[in-house]
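Enquirer: Sharing a structure below in structure tokens format, with a few things to ask.
The values are calculated or read from the model by the stated rules, or taken from the named source; none is laboratory data. Computed from a prediction, not measured in an experiment: that's the story for all the values here. Cβ placement follows ideal geometry from the backbone for every residue including glycine, while neighbour counts extend to all protein chains displayed.
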Amino acid sequence: MIMKILVPVKRVVDFNVKIKVKSDNSGVDLENTKMSMNPFDEIAVEEAVKLKEKKICDEIIAISIGSAKSEETLRTALAIGADKGILIETEEEVQPLEVAKILKEIIKKNNPDLVLMGKQAIDDDSNQTGQMLAALLGWPQGTFASKLEINGKKINVTREIDGGLETLGMELPAIVTTDLRLNEPRYASLPNIMKAKQKPIEKITPGDLNIEIKQRLKTLKVTEPPKKETGIKVDSVQELISKLHEKEKVI
Amino acid sequence: MSVLVLIEHDNKNVKGSSLNTITAAKKIDKSVHAIVLGENCSKVADQISKCEGIEEVFIVDNNIYKNHIAENIAPIIVELASKYSHILAPSSTFGKNIMPRIAALLDVAQISDIMSVENSDTFIRPIYAGNANLKLQSIDSKKIITVRTTNFVATKTDRGNAKITKIDKKEDAGLSKFVKNELNKSDRPELTAARIIISGGRGMESGKNFNLLEEIADKLKAAIGASRAAVDAGFVPNDYQVGQTGKVVAPELYIAVGISGAIQHLAGMKDSKIIVAINKDEDAPIFQVADYGIVGDLFKILPELSKELDKIKS
């Protein structure tokens, strides 16, 4: 069986950037901040491209939901090896349940056999969308995947769970969310970046899909976590042990 | 309306994460129920029935629920949901896997990883790897919540006497099947439950050098953790990982060895009571969160630390 794979990708603040909370506590200041593809989504794109190279997959569709700038994130996915992009353009904050509803509509139109997506985005750290999408579609879910074995319509997903690994068997179509050790994403080569500029991106809005965006979780206040008091440097192991043993009484 | 807690367990014993989650539930409403799904798990239901503040425990005991397959558990919780205003589970891989599936079936948002309960619809949770805290209000009629267990103390386990009610269900959704698991066998405490943790980073240079940490962990009855850099370098398995993308811990003592202190690691351990950093780079960011730091060569410091520990034990 040759599969079609859908890979949702999110534009987020680059993982190396130290973020700043806005002075009015209304959110995080993202003006002039370096943005990148969510690292877990990069792993998902890489896995899809690997399956295409193994001829298990013949088409990879990348999809992003967000402002017009999310087109850059789609171009990155296309440069890594996705075949076409879909941009759901909106300036509003789209929370996981609505993201899942949008993806469901796209899936009904495009009929992918597998959705590969990051387990969480490193901005809101929700870790919800894949599981919600699986629920809305009535599909199996293989979350936090560190290994995939595909055999026809059967897929074994090895999952990173607390305390070790677990393997679940399921049938396609399915949702798989990616964990860190699934693969190491490649860098897009310059020729592929150039080629990606020619690949098609379809642009639609949530309204075109009859989906109303509403924020069920209202932001009241965003604050910086309380700062710890600066500690001290000790000169010797003896001094450290005596502090921990006699002063702090933790050992 | 009451609050329902989905209990995490291994069919024999309740996991500590569930006890912290019960405490979070009690901050929302006085009336807290719990549900245990598994196979031959009556001992778990007994343990939960003795927890302080639990009014009623439901048990669903069938082979189908042994491995906690999300596709099988979610429909049962959804069926019970009409009686509850809030449904909580720990924010472990168990809770993270199942709860969003329940939320979507109920057509409500999930509130992930709460650190505090402000009132019944307002919560605080970390975003951006813990570099910001978000206070949010849920407008949904029903709240599906995962709990960052390190922010809540464990409920007491020796003073309840809740009624245990059996629910007779066995519906296999037929979507996912358990194939196998490979759980790490260790006599050491689990990372998220340990009183003391010693973690290694890229500075450990190899997986073999983690022996140095094991020796100290044995003496302190500590769990062993690692930074993402050490996991990515293949020194230790992923479930050692402490950080935004791994486990969030808050032990009484956290010893970071050869860990520079990337944002993503700090997010997972900065709530520890006492933090010790051992690093050869005096400008390493880990020293900014450390209560005590030693600048130096870990390969000299660790054996010395091990020897000094013998002295205080004797």
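Enquirer: State whether one or more residues within the range A:67-87 are of a type outside the set (S, T, N, Q), facing chain B (nearest Cβ under 9 Å) and crowded, with 20+ Cβ neighbours inside 10 Å.
Expert: Kept after step one, since they are of a type outside the set (S, T, N, Q), are these residues of the range A:67-87: A:68-69, A:71-72, A:74-75, A:77-87.
So of that shortlist, the ones also facing chain B (nearest Cβ under 9 Å) come out as none.
No, the conditions are met nowhere in the range A:67-87.
Enquirer: Quick check on my filter: what residues within the range A:213-250 are assigned to a loop (DSSP other than H, G, I, E, B) and over 25 Å from B:Ala284 (Cα atoms)? Step through it out loud before you land on a result.
Expert: Residues of the range A:213-250 that are assigned to a loop (DSSP other than H, G, I, E, B), as a first pass: A:213-216, A:224-231, A:234-236, A:248-250.
Scanning the range A:213-250 gives A:Ile213, A:Lys214, A:Gln215, A:Arg216, A:Lys249.
Enquirer: Sticking with this structure for a sec: Within the range B:1-13, work out how many residues are crowded, with 21+ Cβ neighbours inside 10 Å and without any contact (Cβ under 8 Å) to a residue 40 or more places away in the chain.
Expert: Restricting attention to the range B:1-13, the residues satisfying the condition of being crowded, with 21+ Cβ neighbours inside 10 Å are B:3-9.
Among the residues that remain, those that are also without any contact (Cβ under 8 Å) to a residue 40 or more places away in the chain are: B:9.
So the answer is 1.
Enquirer: A further question on this structure: Any idea which of (1) in a helix (DSSP H, G or I); (2) out of contact with any helix residue (DSSP H, G or I) (no Cβ under 7 Å at 6 or more places or on another chain); (3) of a type in the set (S, T, N, Q) is the one B:Asn40 doesn't satisfy?
Expert: Exception for B:Asn40: condition (1).
Enquirer: Additional query: Of A:Gly152, A:Gly163, A:Gly130, which residue is within 11 Å of chain B (Cβ to nearest Cβ), surrounded by fewer than 23 Cβ atoms within 10 Å (Cβ to Cβ) and not hydroxyl-bearing (Ser, Thr, Tyr)?
Expert: Criteria check complete, one pass: A:Gly163.
Enquirer: In the range B:72-79, is there at least one residue being modelled with pLDDT of 95 or more, assigned by TED's automatic domain parsing to the domain that holds B:Ile145, not in a helix (DSSP H, G or I) and not small (Gly, Ala, Ser)? Quick ask: steps written out before the conclusion?
Expert: Keep residues of the range B:72-79 that are modelled with pLDDT of 95 or more, which gives B:72-79.
The next check asks that each one be assigned by TED's automatic domain parsing to the domain that holds B:Ile145; those that pass are B:72-79.
Next cut, not in a helix (DSSP H, G or I) only: none.
Looking for residues that are modelled with pLDDT of 95 or more, assigned by TED's automatic domain parsing to the domain that holds B:Ile145, not in a helix (DSSP H, G or I) and not small (Gly, Ala, Ser), one finds none in the range B:72-79, hence no.
Enquirer: Spot the failing condition for A:Lys197; the list is (1) loosely packed, with under 12 Cβ neighbours inside 10 Å; (2) in contact (Cβ under 8 Å) with a residue 60 or more places away in the chain; (3) farther than 18 Å from A:Lys119 by Cα; (4) under 22 Å from the mean Cα position of the chain (by Cα), and only one is missed.
Expert: Unmet condition: (4).
Enquirer: Here's a check for you: in the range A:1-22, which residue that is of a type outside the set (D, E, K, R) and within 13 Å of chain B (Cβ to nearest Cβ) is farthest from A:Pro173 (Cα to Cα)?
Expert: A:Val21
Yes/no matrix, rows are residues, columns are (1) charged (D, E, K, R); (2) in contact with a Lys or Arg (Cβ under 9 Å, 6 or more places away or on another chain); (3) in contact (Cβ under 8 Å) with a residue 40 or more places away in the chain:
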residue: B:Ile102; (1), (2), (3): no, no, yes
residue: B:Ala109; (1), (2), (3): no, yes, no
residue: B:Pro126; (1), (2), (3): no, yes, yes
residue: B:Ala129; (1), (2), (3): no, no, yes
residue: B:Lys143; (1), (2), (3): yes, no, yes
residue: B:Thr155; (1), (2), (3): no, yes, yes
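Enquirer: Would you kindly identify the strands (runs of 3 or more DSSP E) lying entirely within the range B:119-204 that contain at least 3 residues that are within 11 Å of chain A (Cβ to nearest Cβ) and surrounded by fewer than 15 Cβ atoms within 10 Å (Cβ to Cβ)? Give the derivation first.
Expert: Values: elements: B:122-127, B:132-138, B:143-147, B:163-166, B:176-183, B:196-200.
By residue number, B:176-183.
Enquirer: Mind checking which residues of the range B:195-210 are on the phi < 0 side of the Ramachandran plot and either charged (D, E, K, R) or in the same structural domain as B:Gly16 (by TED's automatic domain parsing) (or both)?
Expert: Our first condition is that a residue be on the phi < 0 side of the Ramachandran plot; within the range B:195-210, this holds for B:195-204, B:206-210.
B:Arg195, B:Arg202, B:Lys208 - these are the residues of the range B:195-210 that are on the phi < 0 side of the Ramachandran plot and either charged (D, E, K, R) or in the same structural domain as B:Gly16 (by TED's automatic domain parsing) (or both).
Enquirer: Let me ask something else about it. Any residue at all in the range A:6-26 that's part of a strand (DSSP E or B), modelled with pLDDT of 95 or more, in contact with a Pro (Cβ under 6 Å, 6 or more places away or on another chain) and closer than 30 Å to A:Ile155 by Cβ?
Expert: The answer is yes, given that some residue of the range A:6-26 is part of a strand (DSSP E or B), modelled with pLDDT of 95 or more, in contact with a Pro (Cβ under 6 Å, 6 or more places away or on another chain) and closer than 30 Å to A:Ile155 by Cβ.
Enquirer: Residues B:Val153, B:Val147: which one is out of contact with any His (no Cβ under 9 Å at 6 or more places or on another chain), in the same structural domain as B:Ser42 (by TED's automatic domain parsing) and at pLDDT 95 or above? Quick ask: steps written out before the conclusion?
Expert: Values: B:Val153 fails: at pLDDT 95 or above.
The unique qualifying residue is B:Val147.
Enquirer: What are the residues in the range B:86-118 that are surrounded by fewer than 21 Cβ atoms within 10 Å (Cβ to Cβ) and in a helix (DSSP H, G or I), if any?
Expert: Selection gives B:Leu105 alone.
Enquirer: Any residue at all in the range B:68-75 that's of a type outside the set (A, V, I, L, M, F, W, C), crowded, with 19+ Cβ neighbours inside 10 Å and within 18 Å of the chain's Cα centre (by Cα)? Can you show your working first?
Expert: First, the residues of the range B:68-75 that are of a type outside the set (A, V, I, L, M, F, W, C): B:68, B:71-72, B:75.
Now restrict to residues that are crowded, with 19+ Cβ neighbours inside 10 Å: B:68, B:71-72.
Narrowing the set further to residues that are within 18 Å of the chain's Cα centre (by Cα) leaves B:68.
The answer is yes; a qualifying residue exists.
Enquirer: Additional query: Provide a single number: the residues in the range A:52-84 that are in a helix (DSSP H, G or I) and of a type in the set (Lys, Arg). Lay out the reasoning, then the answer.
Expert: Step one: filter the range A:52-84 for residues in a helix (DSSP H, G or I), giving A:52-53, A:70-80.
Subset that is of a type in the set (Lys, Arg): A:52, A:75.
Of the residues in the range A:52-84, 2 are in a helix (DSSP H, G or I) and of a type in the set (Lys, Arg).
Conditions (1) crowded, with 19+ Cβ neighbours inside 10 Å; (2) in contact with a His (Cβ under 6 Å, 6 or more places away or on another chain); (3) at the interface with chain B (Cβ under 7 Å from one of its Cβ atoms), marked per residue:
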residue: A:Ile193; (1), (2), (3): no, no, no
residue: A:Ile204; (1), (2), (3): no, no, no
residue: A:Leu217; (1), (2), (3): yes, no, yes
residue: A:Leu220; (1), (2), (3): no, no, yes
residue: A:Lys228; (1), (2), (3): no, no, yes
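Enquirer: Pull out all pairs, ordered by first then second residue, where Cβ-Cβ is under 6 Å, the residues are six or more apart or on different chains, the first lies in the range B:246-273 and is not assigned by TED's automatic domain parsing to the domain that holds B:Ser206, and the second is in a strand (DSSP E or B) and at pLDDT below 90.
Expert: Pairs that qualify, where the first residue is not assigned by TED's automatic domain parsing to the domain that holds B:Ser206 and the partner is in a strand (DSSP E or B) and at pLDDT below 90: there are none.
Enquirer: For a quick check of your reading of the model, give me the residue pairs whose first member lies in the range B:291-313 and is without any contact (Cβ under 8 Å) to a residue 60 or more places away in the chain and more than 7 Å from chain A (Cβ to nearest Cβ), whose second is part of a helix (DSSP H, G or I) and not charged (D, E, K, R), with beta-carbon atoms closer than 8 Å and at least 6 apart or on different chains.
Expert: So the pair list comes out as B:Lys311/A:Ile241.
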